[in-house]
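Novice: One structure, pasted below without further comment.
The values are calculated or read from the model by the stated rules, or taken from the named source; none is laboratory data. Quantities reported herein were computed from a predicted structural model and do not represent experimental measurements. Here the Cβ positions follow ideal geometry from the backbone for every residue, glycine too, while neighbour counts run over all protein chains shown.
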Amino acid sequence: MNEAESVRALLVTVAERGAGEQIVPPVADLIGRARRSRRRRQTVACAVVLAVAAAVAVPQAVLDRGPAERSVAPSWQGYPATGPGTAIALAAGRWSRLPSAPIPGRSDAATAWTGTEMLVWGGRVADSARADGAAYRPSDQRWTVLPPAPLTARFGMAYTWTGAVLFVWGGGDTTADGAVYDPAARIWRLLPTSPLSPRTDATALWTGREVLVLGGRSEDGRALVDAAAYDPATSRWRSLPALPAPPDHPVDYLVPVVTGDQVYVWAPWAHRVHTSPNTIHTNYAVDLFRFDTRTDTWSTPELTGDAPAGARQPLWTGREIIVPAAFPYRPGSGPIVVNLRGSRLDPADGRWRTMTHGPIDDRNGQYVWTGAAVISFDNAGAGAVWDPGADRWTTIPDAPRAPAESASMVWTGTHLLIWGELGPPESAGLSYGS
Amino acid sequence: MAARSDREREFAEFVALRYADLVRTAVLLTGDRGHAEDLVQRALLAVFRSWDRLDRVANAEAYTRTTMVRLASRWWRRRWRAEVPTQWLPDRPIGDHAPDVDTAEVVRQALASLPWAQRAVLVMRYFEERSEAEIAEVLGCSPGTVKSRASRGLAALRAVVHIEGVSGRERG
């Protein structure tokens, strides 16, 4: 038996043991789900039906709110009580379809809201990386194609909106180049050489002065914890100190959120040690670090309350960090955890508070902050909106097409735009708002 | 109506025929049965939407398997790791003379600890027996990157289990 056959034999054993013997194809269930999904798509095609559906789909049940979570800290009172981004307005919202885009629908695109347009660039269509992009302007419902970028096709890039340009760096086949797109001038500019090594899956954050690029993975899949800052005013990079993870806390990946001058970074780690010649023991946890962009220093914040066990899509509201429900970090495999709850942190008092369990919280959903509420969707199109003042979730009408994972999503100030679909390349998009 | 019912019948036959095999592959990609079934079902729903464009079963299987890898990759990118708890995974003895059950568990843990791209390459290269060119197309990288990821993934497996065969040659 050669090596390839030996490896295959091992993998077959692992697969058969992991799958077990009783594998029952859920044929009827799949056909039913496919029919429901098809019906939803057909509903979109008929504007009259959609309008009726939206009118009927009034705010739904208030879900799972325990009296123990009703206490509201003073700072929570400061969110807008009126306007299109509030939970009450969103609960009465309706869906509409975007006009077809001039480029194929995709996932993992660099996405930004400029104040007047949604920009999308790069990403992947089916299995192919893309180097094209487009801009959608809701005011006249028009798409325009972006000028060609000076970058190779890619996904997995770091990107952020600076208030003036779309910053794109890294990604693709593990690159270290980048560019900025200026929508006012409709031009791309290449970035100077970065002090960072080539990587994918880094995160870019706009601090108000600089773009921080943090973490990512090297070509061989190692998690990286170094960082650099790019100043768009001078078009210069500078190196930043790396995240100071202890040697026995090898980081798996980084999840950052910027809160003005401070960047909070979750760093899940797993450390495997041979405790005897034939025994492996795994320690694991999630460390939280804070980077002060004024002094370029790292620290470990001292916080109280129940810290979230997992962090996937932290959001900054301008007052609080919202950490929507996420599976607790653990290396290895095991049972699915349910009844997950998000957490909220007011940096001013340094205390974590648990959020009410929401209808999407166990479904690995996507979360968007609107300025006054959090909208969440699962990948079947079910949605809910969370009111930060009342700590209350309300269901909203199902999306007529299920938003793909890694679809482009932006909040425009009045509407949520979703673009990019799972499956065959399509240029469909949706708009949701009141 | 007849076309719809034909399509549903063909799809049902495909699911009945291939579901178990797809779940076994998904177990290797995700690390456990629950997430594996979730992955396979989401991929199958995507396949059903494209059924009319596929050349039935042969293309459907390839499309399903590619969709599974893409979906699993997205889950990984979105930090939902199918790699969840270890508390029920006892520390395992490793060595040439360990029973198959323990060896499989050690390999499963080693696979779960690999970076996503290496794991996906190992599964596609050695379990699905795809070529480097096919894997490169699925993952959106070069064949050279596939080769280096396979090499690193194998090295990680060799660190925890004895793998028979002296050749490290890769099939092209």
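Novice: Take the residues in the range A:383-397 that are of a type in the set (A, V, I, L, M) and more than 17 Å from the chain's Cα centre (by Cα), then tell me which one is surrounded by the fewest Cβ atoms within 10 Å (Cβ to Cβ). Full working, then the answer.
Specialist: At the first step, the residues of the range A:383-397 found to be of a type in the set (A, V, I, L, M) are A:384-385, A:390, A:396.
Filter once more, so that each one left must be more than 17 Å from the chain's Cα centre (by Cα): A:390, A:396.
Values: A:Ala390: 17, A:Ile396: 26.
In this case the residue turns out to be A:Ala390.
Novice: Of these, B:Glu129, B:Glu164, B:Glu105, which one is modelled with pLDDT of 55 or more and on the phi > 0 side of the Ramachandran plot? Don't jump to the end; show me each part of the working.
Specialist: On the way: B:Glu164 fails: on the phi > 0 side of the Ramachandran plot; B:Glu105 fails: on the phi > 0 side of the Ramachandran plot.
That would be B:Glu129, the only listed residue that is modelled with pLDDT of 55 or more and on the phi > 0 side of the Ramachandran plot.
Novice: Just wondering, is there one or more residues in the range A:237-251 that are closer than 22 Å to B:Leu114 by Cα, surrounded by 18 or more Cβ atoms within 10 Å (Cβ to Cβ) and within 14 Å of chain B (Cβ to nearest Cβ)?
Specialist: The answer is yes; a qualifying residue exists.
Novice: Same structure again: Give the number of residues within the range A:155-178 that are away from chain B (no Cβ under 14 Å) and touching a Pro at 6+ places or on another chain (Cβ under 8 Å). Full working, then the answer.
Specialist: Filtering the range A:155-178 for residues away from chain B (no Cβ under 14 Å) gives A:160-169, A:176-178.
Filter again for touching a Pro at 6+ places or on another chain (Cβ under 8 Å), leaving A:162, A:164-167, A:176.
Total satisfying the criteria: 6.
Novice: Something else now. Going by the structure shown, is B:Glu83 under 20 Å from B:Gly31 (Cβ atoms), buried (at least 21 other Cβ atoms within 10 Å of the Cβ), modelled with pLDDT under 85 and in contact with a Pro (Cβ under 7 Å, 6 or more places away or on another chain)? Break it down stepwise before answering.
Specialist: Working: under 20 Å from B:Gly31 (Cβ atoms): yes; buried (at least 21 other Cβ atoms within 10 Å of the Cβ): yes; modelled with pLDDT under 85: yes; in contact with a Pro (Cβ under 7 Å, 6 or more places away or on another chain): yes.
Yes.
Novice: Oh, and also: So is A:Ser37 at pLDDT below 80 and either surrounded by fewer than 17 Cβ atoms within 10 Å (Cβ to Cβ) or at the interface with chain B (Cβ under 8 Å from one of its Cβ atoms) (or both) or not? Steps first, please.
Specialist: On the way: at pLDDT below 80: yes; either surrounded by fewer than 17 Cβ atoms within 10 Å (Cβ to Cβ) or at the interface with chain B (Cβ under 8 Å from one of its Cβ atoms) (or both): yes.
In short, yes.
Novice: So A:Asp173 passes all but one of these: (1) modelled with pLDDT of 95 or more; (2) surrounded by fewer than 21 Cβ atoms within 10 Å (Cβ to Cβ). Which condition number does it fail?
Specialist: Every condition holds for A:Asp173 apart from (1).
Novice: With (1) facing chain A (nearest Cβ under 7 Å); (2) under 18 Å from B:Thr30 (Cβ atoms); (3) more than 14 Å from the chain's Cα centre (by Cα) as the list, and B:Glu105 as the residue in question, which single condition is left unmet?
Specialist: (1)
Novice: Residues of the range B:124-147 being in a helix (DSSP H, G or I), more than 7 Å from chain A (Cβ to nearest Cβ) and either of a type in the set (A, V, I, L, M, F, W, C) or free of Cβ contacts under 8 Å to residues at least 12 places away in the same chain (or both), which ones?
Specialist: Step one: filter the range B:124-147 for residues in a helix (DSSP H, G or I), giving B:124-127, B:132-139, B:143-147.
Now narrow it down to the ones that are more than 7 Å from chain A (Cβ to nearest Cβ): B:124-125, B:132-136, B:139, B:143-144, B:146-147.
Matches in the range B:124-147: B:Met124, B:Ala133, B:Glu134, B:Ile135, B:Ala136, B:Leu139, B:Pro143, B:Gly144, B:Val146.
The rows are residues; the columns are (1) surrounded by 22 or more Cβ atoms within 10 Å (Cβ to Cβ); (2) without any contact (Cβ under 8 Å) to a residue 24 or more places away in the chain; (3) more than 23 Å from A:Ala270 (Cβ to Cβ); (4) within 11 Å of chain B (Cβ to nearest Cβ).
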site	(1), (2), (3), (4)
A:Phe291	yes, no, no, no
A:Asp296	no, no, yes, no
A:Thr300	no, yes, no, no
A:Pro308	yes, no, no, no
A:Ile321	no, no, yes, no
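Novice: From the list A:Pro138, A:Pro192, A:Pro183, pick out the single residue that is farther than 24 Å from A:Val255 by Cβ and touching a His at 6+ places or on another chain (Cβ under 9 Å). Outline the logic, then answer.
Specialist: Working: A:Pro192 fails: touching a His at 6+ places or on another chain (Cβ under 9 Å); A:Pro183 fails: touching a His at 6+ places or on another chain (Cβ under 9 Å).
Every option except A:Pro138 fails the conditions.
Novice: Please give the number of the condition A:Ile360 fails out of (1) of a type in the set (A, V, I, L, M); (2) at pLDDT below 90; (3) touching a helix residue (DSSP H, G or I) at 6+ places or on another chain (Cβ under 6 Å).
Specialist: Exception for A:Ile360: condition (3).
Novice: Any idea how many residues of the range A:203-236 are away from chain B (no Cβ under 14 Å) and not aromatic (Phe, Trp, Tyr)?
Specialist: So in the range A:203-236, the residues away from chain B (no Cβ under 14 Å) come out as A:204-214, A:225-236.
Add one more test, that the residue is not aromatic (Phe, Trp, Tyr), and what stays is A:204-205, A:207-214, A:225-229, A:231-236.
The total comes to 21.
Novice: Could you grab the pairs with beta carbons closer than 9 Å, sequence gap of 6+ or different chains, first residue in the range A:15-31 and at the interface with another protein chain (Cβ under 7 Å from one of its Cβ atoms), second one crowded, with 17+ Cβ neighbours inside 10 Å and not in a helix (DSSP H, G or I)?
Specialist: A:Gly18/A:Ser333; A:Gly18/B:Gly31; A:Gly18/B:Asp32
Novice: Let me ask you something else. Have a look at A:Ala179, A:Ala135 and point out the one that is more than 23 Å from A:Gly429 (Cβ to Cβ), modelled with pLDDT of 95 or more and aliphatic (A, V, I, L, M). If you could, list the steps in order and put the result at the bottom.
Specialist: Working: A:Ala135 fails: more than 23 Å from A:Gly429 (Cβ to Cβ).
Unique residue meeting the criteria: A:Ala179.
A quick yes/no check of all residues on (1) surrounded by fewer than 22 Cβ atoms within 10 Å (Cβ to Cβ); (2) within 16 Å of the chain's Cα centre (by Cα); (3) in a loop (DSSP other than H, G, I, E, B):
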position: A:Tyr367; (1), (2), (3): no, yes, no
position: A:Ile375; (1), (2), (3): no, yes, no
position: A:Pro403; (1), (2), (3): no, yes, yes
position: A:Met409; (1), (2), (3): yes, yes, no
position: A:Thr414; (1), (2), (3): yes, no, yes
position: A:Leu430; (1), (2), (3): no, no, no
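Novice: Looking at the range B:17-26, is at least one residue more than 14 Å from the chain's Cα centre (by Cα) and at the interface with another protein chain (Cβ under 9 Å from one of its Cβ atoms)?
Specialist: yes
Novice: Right, here's the next one. Looking at A:Ser75, is it away from chain B (no Cβ under 14 Å), in contact with a strand residue (DSSP E or B) (Cβ under 6 Å, 6 or more places away or on another chain) and at pLDDT below 95? Working first, answer last.
Specialist: Values: away from chain B (no Cβ under 14 Å): yes; in contact with a strand residue (DSSP E or B) (Cβ under 6 Å, 6 or more places away or on another chain): yes; at pLDDT below 95: yes.
Against the criterion (away from chain B (no Cβ under 14 Å), in contact with a strand residue (DSSP E or B) (Cβ under 6 Å, 6 or more places away or on another chain) and at pLDDT below 95), A:Ser75 qualifies.
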